[in-house]
Amino acid sequence: MRASITRRFLLLIVVSLIAAGFLDLRNVDALSVALPDGRAADTLPADPNPLLSAWEGPYGGVPPFDRVKIEYFKPALEAAMAENLSEIDKIAKDPAAPTFQNTIVAMERAGSTFDRVTTIYGVWGSTMAGPEFQTVQREMAPKLAAFGDQVTQNEPLFKRIEAVYNSPEKKKLTPEEQRLTWLYYTNFVRSGAKLDAKAKARLSEINQQLAGLFTKFSQNVLAEETDQFILLKEEAELAGLPQSLRDAAAAAAVTKKQTGWLIMNTRSSVDPFLTYSDRRDLREKAWRMFINRGDNGDAHDNNAIITEILQLRAERAKLLGFPTHAHWRLENSMAKTPERAMQLMEAVWKPAVARVHEEVADMQALADKEGAKIKIEPWDYRYYMERVRKARYDLDQNEVKPYLQLDKLREAIHWVAGELFNFKFTPATNVPVAHPDIHVWEVTDKTTGKHIGLWYFDPFARAGKRSGAWMNAYRTQERVNGEITTIVSNNSNFVSGKPGEPVLISWDDATTMFHEFGHALHGLNSSVKYPSLSGTAVARDYVEFPSQLMEHWLPTPEVLNRFAVHYQTGKPIPQTLVDRIKKSATFNQGFATVEYLAAALVDMKLHTAGDQKIDPDKFERETLTQLGMPKEIVLRHRLPHFLHIFSSDSYSAGYYSYLWSDVITADAFGAFVEGGGPYDKKVAERLRKYIFSVGNTIDPAEGYRSFRGRDPKIEALMKKRGFGG
Ligand SMILES: [Zn+2]
């Protein structure tokens, strides 16, 4: 058995976060769920609940996705929590003096049943969440939160951890073991282990209330994304839409038992509609529907929930001895303080806003030239942006798509992993899956044939699956009880094509595939001893670095010439088209940066505002005015549906992480550019050694310095986005 409380913290976060199913395209999430084999619970029911059993089958056991029933979840979660509490009680009451082995390692080995159950619970929450499952979530969220507190508030256990942490013996441990000890100690303290009984009780109340509110918030957003749509009944209403969008809209109508074409209230449906629809009236309608998710004053309105969440978070931060929620959240991040995160955001904000004004001027000029007689509004941005792109770079996204076949791009990411990390991917057909669309590959070393892990790929949208794309770890690498098979997955929401026809995706979606695969490679490359320090279990503002870095390999000629081939002719994408894509790389970065950054700034300002009672609508409006938000752009996530920050604590005061990581990303790719290019084996080896394989066994800043020879600089990011010169 192996698992840990440290991972349990992550796990609980992940469970609610998956339950929320936020994880937007590109703004994604490495989910550090872990778990391995282990023994079944002591109290198996007469009809064994497969969620509680050790995983069976090949590769040291694989998740029993083919045997899941919703009614298994509640008893399995309850039995797993009870089992874990008794394991922990045994560690806490050990008569022997506390040592690293009998306390920290014992904790790492405890909780395997809980890990297994919550892994599958998380997968169902994000990819198979029907109404029946949502009922289970509502009931279990506060219980899981209470369970987490029961562990961190176990006083004899904390005393033992503290004793190991303060012991002179600690210096004799390996650096990885010392860091693990520090992590346990600091996580327990951060969770209130040093508080008095009264404060602990209040803390636990707050956490349970928050868990319930997070679930409600997420389910409200999901309801508005599922139930609201725009039905187009006449051909004329489709003006401007490319065939692929018309097909998708027709298919969506069938699913909803409607006649006509249906625009769903999700990003993957609304964004392309805003980009291509010639009908300005319908664009405005779709835009309003989308930006008002959770803000309609009805049963699914999230405003009151936000106020409550913010107040509870502020109170909790005070209890824990921090001035604000943001200060508490950032303590163990790379940025360390909200002030440092703000500094970076502010450095990028002004040039980004200036660029937006230029972009809007370009769009306005085009609209005027065409005699449109309009003033650019938020629902015009994507539409005119696309027109300007065509005019300026002669680049039509629909011209690129025929070269981007989903299957070929999957081959491409596998090939890149082979070049950089010597990985080989082979289909594994003997592994059960939750849905026939999901396929599994075995990962081995190309040279030695050594088994490394499994990679699940779940590419297509379906009912009960959250929108966006994300990576998930089903079993993290570790060696505390010998070698195990690492299991990771990539998930996305492509619309499956007609049978026998290849699925064509956009350049942005291809970039996202590389991104998510970067998270998967971070998990698969992991080479550490203790599961709590494994793979993607790194600081929130560092975890997007490996994934964002991988995006840089899509536009390499090696990938494009081999894998970006036309679905009909098989010919590689023409160089002239590639040149036009490259030339337009910094196009529209004003918009992309500002819509993201404004949301990140509002997130940080909300969580440094202290315990005042906040009206989300007013706060959002006033903050944006103060910032000088261009009125042609709306937040990428308005507060009433900002799942990153209100579906769990995970990305709260943490949405800046994407920018923080991107500074590192841009700087890191420079190491390849300055070396022998993207496929330089020596640089790739350093990348594996100091970044992809070390998990959280070393301080990330230190790991980065070992890779790059210095700290990251912001210049590469500014250049990448085309700001400042
Ligand atoms: Zn990501």
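The values are calculated or read from the model by the stated rules, or taken from the named source; none is laboratory data. What you see is a predicted model; the values in this text were computed from it and never measured. For neighbour counting, all protein chains shown are included, and Cβ atoms are generated from backbone atoms with ideal geometry for every residue, glycine included. Side chains are part of the model used for accessible areas, which takes the heavy atoms of the whole protein and leaves out ligands, DNA and RNA. Shrake-Rupley method; radii C 1.70, N 1.55, O 1.52, S 1.80 Å.
Here is a yes/no grid of residues against (1) under 29 Å from V543 (Cα atoms); (2) crowded, with 21+ Cβ neighbours inside 10 Å; (3) more than 16 Å from the ligand (Cβ to nearest atom):
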site: P402; (1), (2), (3): no, no, yes
site: L420; (1), (2), (3): yes, yes, yes
site: T444; (1), (2), (3): yes, no, yes
site: K450; (1), (2), (3): yes, no, yes
site: Y474; (1), (2), (3): yes, yes, yes
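Any idea which of (1) surrounded by fewer than 24 Cβ atoms within 10 Å (Cβ to Cβ); (2) within 16 Å of the ligand (Cβ to nearest atom); (3) within 14 Å of N696 (Cα to Cα) is the one D509 doesn't satisfy?
D509 satisfies every listed condition except (3).
Listed here are the residues, each with its yes/no results for (1) open to solvent by 20 Å² or more (accessible area, probe 1.4 Å); (2) in contact (Cβ under 8 Å) with a residue 12 or more places away in the chain; (3) of a type in the set (V, I, T).
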{"residue": "V356", "(1), (2), (3)": "no, yes, yes"}
{"residue": "M363", "(1), (2), (3)": "no, yes, no"}
{"residue": "W379", "(1), (2), (3)": "yes, yes, no"}
{"residue": "Y393", "(1), (2), (3)": "yes, yes, no"}
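Which members of region 547-569 meet the condition of being in a helix (DSSP H, G or I), open to solvent by less than 40 Å² (accessible area, probe 1.4 Å) and either of a type in the set (A, V, I, L, M) or more than 16 Å from the ligand (Cβ to nearest atom) (or both)?
Those that are in a helix (DSSP H, G or I), open to solvent by less than 40 Å² (accessible area, probe 1.4 Å) and either of a type in the set (A, V, I, L, M) or more than 16 Å from the ligand (Cβ to nearest atom) (or both): L549, M550, V559, L560, F563.
Counting just the residues of region 107-157 that are open to solvent by 20 Å² or more (accessible area, probe 1.4 Å) and among the basic types (K, R), which one comes out nearest to E205 (Cα to Cα)?
K143
Of everything in region 69-83, what is under 22 Å from G125 (Cα atoms) and buried (at least 20 other Cβ atoms within 10 Å of the Cβ)? Give them in sequence order.
Y72, F73, A76, L77, A79, A80, M81
Can you go through I206, I161, I230 and tell me which one is touching a residue at least 40 places away in the same chain (Cβ under 8 Å) and touching a strand residue (DSSP E or B) at 6+ places or on another chain (Cβ under 7 Å)? Before the answer, list the steps.
Working: I206 fails: touching a strand residue (DSSP E or B) at 6+ places or on another chain (Cβ under 7 Å); I161 fails: touching a strand residue (DSSP E or B) at 6+ places or on another chain (Cβ under 7 Å).
I230 is the lone residue from the list that is touching a residue at least 40 places away in the same chain (Cβ under 8 Å) and touching a strand residue (DSSP E or B) at 6+ places or on another chain (Cβ under 7 Å).
Against the conditions (1) small (G, A, S); (2) surrounded by fewer than 20 Cβ atoms within 10 Å (Cβ to Cβ); (3) not in a helix (DSSP H, G or I), where does G192 fall short? Just the number, please.
For G192, the exception is condition (2).
What's the total number of residues in region 623-662 that are under 22 Å from M289 (Cβ atoms) and among the aromatic types (F, W, Y)?
Matching residues across region 623-662 total 2.
Within the bounds of region 477-488, is there any residue that is touching a strand residue (DSSP E or B) at 6+ places or on another chain (Cβ under 7 Å), free of Cβ contacts under 8 Å to residues at least 60 places away in the same chain and within 16 Å of the ligand (Cβ to nearest atom)?
yes
Out of all the residues in region 649-664, is one or more at pLDDT below 95 and among the small types (G, A, S)?
Yes, region 649-664 contains at least one residue that is at pLDDT below 95 and among the small types (G, A, S).
Given the criterion charged (D, E, K, R), over 19 Å from T215 (Cα atoms), surrounded by fewer than 22 Cβ atoms within 10 Å (Cβ to Cβ) and modelled with pLDDT under 85, identify the matching residue among D94, D37, D89.
On the way: D94 fails: modelled with pLDDT under 85; D89 fails: modelled with pLDDT under 85.
Of the residues listed, the single one that is charged (D, E, K, R), over 19 Å from T215 (Cα atoms), surrounded by fewer than 22 Cβ atoms within 10 Å (Cβ to Cβ) and modelled with pLDDT under 85 is D37.
Being in a helix (DSSP H, G or I) and in contact with a Phe, Trp or Tyr (Cβ under 8 Å, 6 or more places away or on another chain) is the requirement here; does L180 meet it? Can you show your working first?
Working: in a helix (DSSP H, G or I): yes; in contact with a Phe, Trp or Tyr (Cβ under 8 Å, 6 or more places away or on another chain): yes.
So L180 fits the description; yes.
If I filter region 648-656 for residues that are more than 30 Å from A716 (Cβ to Cβ) and within 16 Å of the ligand (Cβ to nearest atom), do I get at least one hit? Steps first, please.
Within region 648-656, the subset more than 30 Å from A716 (Cβ to Cβ) is 648-649.
Keeping just the survivors that are within 16 Å of the ligand (Cβ to nearest atom) gives 648.
Yes: region 648-656 contains one or more residues that are more than 30 Å from A716 (Cβ to Cβ) and within 16 Å of the ligand (Cβ to nearest atom).
What do you reckon, is G497 more than 16 Å from the ligand (Cβ to nearest atom) and either modelled with pLDDT of 95 or more or open to solvent by 10 Å² or more (accessible area, probe 1.4 Å) (or both)?
Numbers: more than 16 Å from the ligand (Cβ to nearest atom): yes; either modelled with pLDDT of 95 or more or open to solvent by 10 Å² or more (accessible area, probe 1.4 Å) (or both): yes.
Yes, satisfied.
If R580 meets every condition in (1) under 29 Å from E442 (Cβ atoms); (2) basic (K, R); (3) assigned to a helix (DSSP H, G or I) apart from one, which number is that one?
Just one mismatch for R580, condition (1).
State which residue is most open to solvent (accessible area, probe 1.4 Å) when the search covers only region 368-377 and only residues that are among the hydrophobic types (A, V, I, L, M, F, W, C) and in contact (Cβ under 8 Å) with a residue 24 or more places away in the chain. Working first, answer last.
Let us first name the residues in region 368-377 that are among the hydrophobic types (A, V, I, L, M, F, W, C), namely 372, 374, 376.
If we keep only those that are in contact (Cβ under 8 Å) with a residue 24 or more places away in the chain too, we end up with 374, 376.
Details: I374: 30, I376: 5 Å².
The selected residue is I374.
I need the full set of residues from region 457-471 which are open to solvent by 20 Å² or more (accessible area, probe 1.4 Å) and either within 16 Å of the ligand (Cβ to nearest atom) or aliphatic (A, V, I, L, M) (or both), in order please.
A461, A463, S467, listed by residue number.
Could you tell me whether any residue of region 588-609 is in a loop (DSSP other than H, G, I, E, B), at pLDDT below 95, open to solvent by 40 Å² or more (accessible area, probe 1.4 Å) and of a type outside the set (F, W, Y)? Reasoning before the result, please.
If we filter region 588-609 for residues that are in a loop (DSSP other than H, G, I, E, B), which is where we start, we get 588, 607-609.
Next, from what is left, pick out any that are at pLDDT below 95: 588.
Then keep just the ones that are open to solvent by 40 Å² or more (accessible area, probe 1.4 Å); that gives none.
So far as region 588-609 goes, no, none of its residues is in a loop (DSSP other than H, G, I, E, B), at pLDDT below 95, open to solvent by 40 Å² or more (accessible area, probe 1.4 Å) and of a type outside the set (F, W, Y).
Take W261 and decide whether it is within 28 Å of the chain's Cα centre (by Cα) and touching a residue at least 12 places away in the same chain (Cβ under 8 Å). Don't jump to the end; show me each part of the working.
Details: within 28 Å of the chain's Cα centre (by Cα): no; touching a residue at least 12 places away in the same chain (Cβ under 8 Å): yes.
Judged against the criteria, W261 is not a match.
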